[in-house]
Amino acid sequence: MSHQDPIQRRKLYQEVLDRLTARIVAGEFGPNDQLPSERELMESYGVGRPAVREALQHLERTGIVAITHGERARIVVPTPETLVAQIAGGARHLLSMQPDSLGHLKGARLFFETGMARLAVEHVDEAALTELRRLVEAQRRAVADPEEFVRCDMSFHRQISAMSGNPIFPAIIEGMFRWLGEYYRSLVRAPGAEQLTLAEHERIIDAIAARDAARAEQAMRDHLTRANTMYRRLLRPDDASRPTPNDDI
C-alpha cells in the first residue's frame, strides 16, 4: 500500500469488535463468562447501542459468544462440531451459486475419507470392528427404507472417522454431509445401488480388519468413485458414456 493511499474510515462497530476480541484473547473473559452489559460497553467505549450490538452479533456469528434475549452475551466453549457447523451455511451458499464447486467438494471428500480409512487401520480394535459390522447389518435391513438406509450409510462413515480418536475428523465428516446435502441423499438412495454400497462397505471392513492400510484406502476410493459413477448412470442413462467434469470422483 502506498503512503499516498487514503486512510480508510472504519465503522464504529469494528473498533468495538477489535477491543472486545482483544480482551477475550487476553483471557479477561473465560469460558461461559458473561460480557459486560450493552450499557456498560456503550459507556466504556463512548459509542451508541447500534455499534455495540453489531459487534456482539459479529461475535455470535463467528461462534465466540452466545446471545440470549434478556441476558448478557456469554463466552461460548467451542467444539469441533460448532466450528464446522459455522461454515456449513456458507458452503451450501457456495454450492448454490457455483455448481462446479460440487466437484471440488467431492474431490475433498475422496481425499479425506481415503485417508480416514488408512488411519482407521492404525487405531482399529475389536469393538470398533463390531460396530462397523453392526452398522452394515442395520443398513442391510433398511434397504426398503431409503431414509433409514441413508442414516445408516452416514453412521458407517462417521464410525470410520471416529476410530481416529481425533474429534475434529468426525466433525469434518458431518460438515461434508451437510454441505453435500441432497446430492448425498440422492446418491445413497439411487435405486439399484443399495447392494453395491453394502458390498463396498463390507470390503472396507475386511481391509480394516486385516490391518491392511493400502487395501483399506483403495477400498474406500473404489467405493466413493464407483458410487458417483453409478449415480450418474442411473439418473442419466442416455448420456452416461459421455465424460463429465470430475468423472473420477
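Some points to look at:
- Criterion violated by TYR231 - all others in (1) modelled with pLDDT of 55 or more; (2) crowded, with 17+ Cβ neighbours inside 10 Å satisfied: (1)
- First in segment 116-131 and in contact (Cβ under 8 Å) with a residue 60 or more places away in the chain and within 21 Å of LEU224 (Cβ to Cβ), second anywhere and assigned to a helix (DSSP H, G or I) and among the polar types (S, T, N, Q), Cβ under 7 Å, 6 or more apart: MET116/SER161
- If only residues of segment 32-80 that are hydrophobic (A, V, I, L, M, F, W, C) and more than 21 Å from LEU12 (Cα to Cα) are counted, the one that is modelled with the lowest pLDDT is VAL77.
- Of the residues making up segment 144-174, those that are outside any helix (DSSP H, G or I) and either touching a Leu at 6+ places or on another chain (Cβ under 8 Å) or surrounded by 18 or more Cβ atoms within 10 Å (Cβ to Cβ) (or both) are MET163, SER164.
- Leading residue by the ranking (nearest to VAL136 (Cα to Cα)) among those in segment 182-223 that are modelled with pLDDT under 90 and of a type in the set (Gly, Ala, Ser): ALA193
- Cβ pairs under 6 Å, 6+ apart, first in segment 52-75 and in the same structural domain as PRO36 (by TED's automatic domain parsing), second assigned to a helix (DSSP H, G or I) and polar (S, T, N, Q): GLY63/THR82; GLY63/GLN86
- Some residue of segment 119-129 being more than 18 Å from ALA209 (Cβ to Cβ) and not in a helix (DSSP H, G or I): no
The values are calculated or read from the model by the stated rules, or taken from the named source; none is laboratory data. Everything quoted here is computed from the prediction, not taken from an experiment. No Cβ is skipped: glycine too gets one built from the backbone with ideal geometry, and neighbour counts run over all protein chains shown.
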